[in-house]
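Novice: Just passing along the structure, written as structure tokens.
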Amino acid sequence: MELLLFSGLATLALVCGFLVIVQRHAVYSALFLILTMGALAGLYILLEAHFVWAVQVLVYAGAIMVLFLFVIMLLNVTTEEVPWARRDLGRIGLALLLAVVLLGELLVMLFSGTGTATARPVSPGFGTTETVGRLLFTRFLLPFEITSVILLIAIVGAMVLAKKHLS
Amino acid sequence: MQVPLSAYLILSAVLFVLGVIGVATRRNALIIFMSIELMLNAVNLSFVAFSRFHNSMDGQIFVFFVMAVATAEVAVGLAIILAIHRNRETVDVAELNLLKW
């Protein structure tokens, strides 16, 4: 059952991830990216990360993608000509070379490892909001506070950049 | 049957590479940005998978911080794209050559 769910969600994530990068129009890319993030959220459930699942759906598939769609529709960008329609073979070749090298590197790293990791039964409270919150306010208190400063700077920066007149 | 850790890591690697291809081939700044989001998500999947298989919560805390930074990045990045579009009337990165020597 777990394998079946994993296969389905993984296939959905991969297909939608591929469709994100081949779409002509940015709106379709954004919609497929939402589906990819939804599939990843399902995988987080399989991995018993309940808090991360909730944040993934709320922040990523919700807030960030709404921001993306809002900007895409605000800009009203005309459809881009995709690289393979332009016959821009140099660019595609370079990208594929990069992709093959990177994927090869990652897979070599993965299969050169020894031993096997088996999922042990998790400790009680694993992945729940309570556990995450407790950790955030004890062991990770300083990074947590720094995060709030980053978000404040981001808000101010976005306001300044998006102002009407850039002097 | 249980899903092995390597299955999650391979899925994560392939998603990351898809993001890399997107960044390298596309010229629309918005789609490049979405490809970067795809890469961030792929890494998050690795974090959560390791967290589960090591029975340790640290990976999930990291995912929380990655998401916070990604949110800040998206807000500022989209504001930059808006400003560029206002000044240059384009989001095509091939036409933004002001810094090209």
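Novice: Filter the range A:130-145 for residues that are loosely packed, with under 13 Cβ neighbours inside 10 Å and either at the interface with another protein chain (Cβ under 9 Å from one of its Cβ atoms) or of a type in the set (V, I, T) (or both) and give the result. Quick ask: steps written out before the conclusion?
Specialist: Initially, the range A:130-145 is screened for residues loosely packed, with under 13 Cβ neighbours inside 10 Å, giving A:130, A:133, A:137-138, A:141-142, A:145.
A:T138 - this is the single residue of the range A:130-145 that is loosely packed, with under 13 Cβ neighbours inside 10 Å and either at the interface with another protein chain (Cβ under 9 Å from one of its Cβ atoms) or of a type in the set (V, I, T) (or both).
Novice: Just name the residue that is modelled with the highest pLDDT out of those in the range A:81-104 that are in contact with a helix residue (DSSP H, G or I) (Cβ under 9 Å, 6 or more places away or on another chain) and among the charged types (D, E, K, R).
Specialist: Within the range A:81-104, the match that is modelled with the highest pLDDT is A:R91.
Yes/no matrix, rows are residues, columns are (1) within 8 Å of another protein chain (Cβ to nearest Cβ); (2) within 16 Å of B:L30 (Cα to Cα); (3) outside any helix (DSSP H, G or I):
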| site | (1), (2), (3) |
| --- | --- |
| A:S7 | no, no, no |
| A:A13 | yes, no, no |
| A:I45 | no, no, no |
| A:V66 | no, yes, no |
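Novice: Is there a residue being at pLDDT below 90, surrounded by 20 or more Cβ atoms within 10 Å (Cβ to Cβ) and at negative phi anywhere in the range B:11-25?
Specialist: Yes, the conditions are met somewhere in the range B:11-25.
Novice: Additional query: Is there a residue in the range B:1-9 that is facing chain A (nearest Cβ under 7 Å), part of a helix (DSSP H, G or I) and within 16 Å of the chain's Cα centre (by Cα)?
Specialist: The answer is no, given that none of the residues of the range B:1-9 is facing chain A (nearest Cβ under 7 Å), part of a helix (DSSP H, G or I) and within 16 Å of the chain's Cα centre (by Cα).
Novice: While we're here: Assess whether B:L45 counts as being of a type outside the set (G, A, S), facing chain A (nearest Cβ under 7 Å), surrounded by 20 or more Cβ atoms within 10 Å (Cβ to Cβ) and over 28 Å from B:L96 (Cα atoms).
Specialist: yes
Novice: Still on this model: Would you mind finding the one in A:V71, A:V77 that is β-branched (V, I, T), outside any helix (DSSP H, G or I) and buried (at least 17 other Cβ atoms within 10 Å of the Cβ)?
Specialist: Residue meeting the stated conditions: A:V77.
Novice: I need every pair where a residue in the range B:65-87 that is more than 7 Å from chain A (Cβ to nearest Cβ) has its Cβ under 8 Å from the Cβ of a residue that is buried (at least 18 other Cβ atoms within 10 Å of the Cβ) and of a type in the set (G, A, S), sequence separation at least 6 or different chains.
Specialist: The qualifying pairs are B:E73/A:A154; B:I84/B:A29.
Novice: Same structure again: Scan the range B:17-42 residue by residue and report those that are within 8 Å of the chain's Cα centre (by Cα) and more than 7 Å from every other protein chain (Cβ to nearest Cβ).
Specialist: B:G19, B:F33, B:I36, B:M39, B:L40, B:A42
Novice: Residue check: is A:L19 over 28 Å from A:L135 (Cβ atoms), within 7 Å of another protein chain (Cβ to nearest Cβ), assigned to a helix (DSSP H, G or I) and more than 14 Å from the chain's Cα centre (by Cα)? Show your work before the answer.
Specialist: Values: over 28 Å from A:L135 (Cβ atoms): yes; within 7 Å of another protein chain (Cβ to nearest Cβ): no; assigned to a helix (DSSP H, G or I): yes; more than 14 Å from the chain's Cα centre (by Cα): yes.
In short, no.
Novice: For the range A:89-100, check the following and say yes or no: at least one residue is within 24 Å of B:V3 (Cβ to Cβ) and of a type in the set (A, V, I, L, M).
Specialist: Taking the range A:89-100 first, the residues within 24 Å of B:V3 (Cβ to Cβ) are none.
No: zero hits.
Novice: I would also like to ask the following. Name, by its number, the condition in (1) at pLDDT 85 or above; (2) in a helix (DSSP H, G or I); (3) more than 24 Å from A:G104 (Cβ to Cβ); (4) out of contact with any Asp or Glu (no Cβ under 7 Å at 6 or more places or on another chain) that does not hold for B:A94.
Specialist: (1)
The values are calculated or read from the model by the stated rules, or taken from the named source; none is laboratory data. Every value quoted in this text rests on a predicted model; they were computed, and no experiment measured them. Glycine gets a Cβ as well: all are built from the backbone with ideal geometry, and neighbour counts include every protein chain shown.
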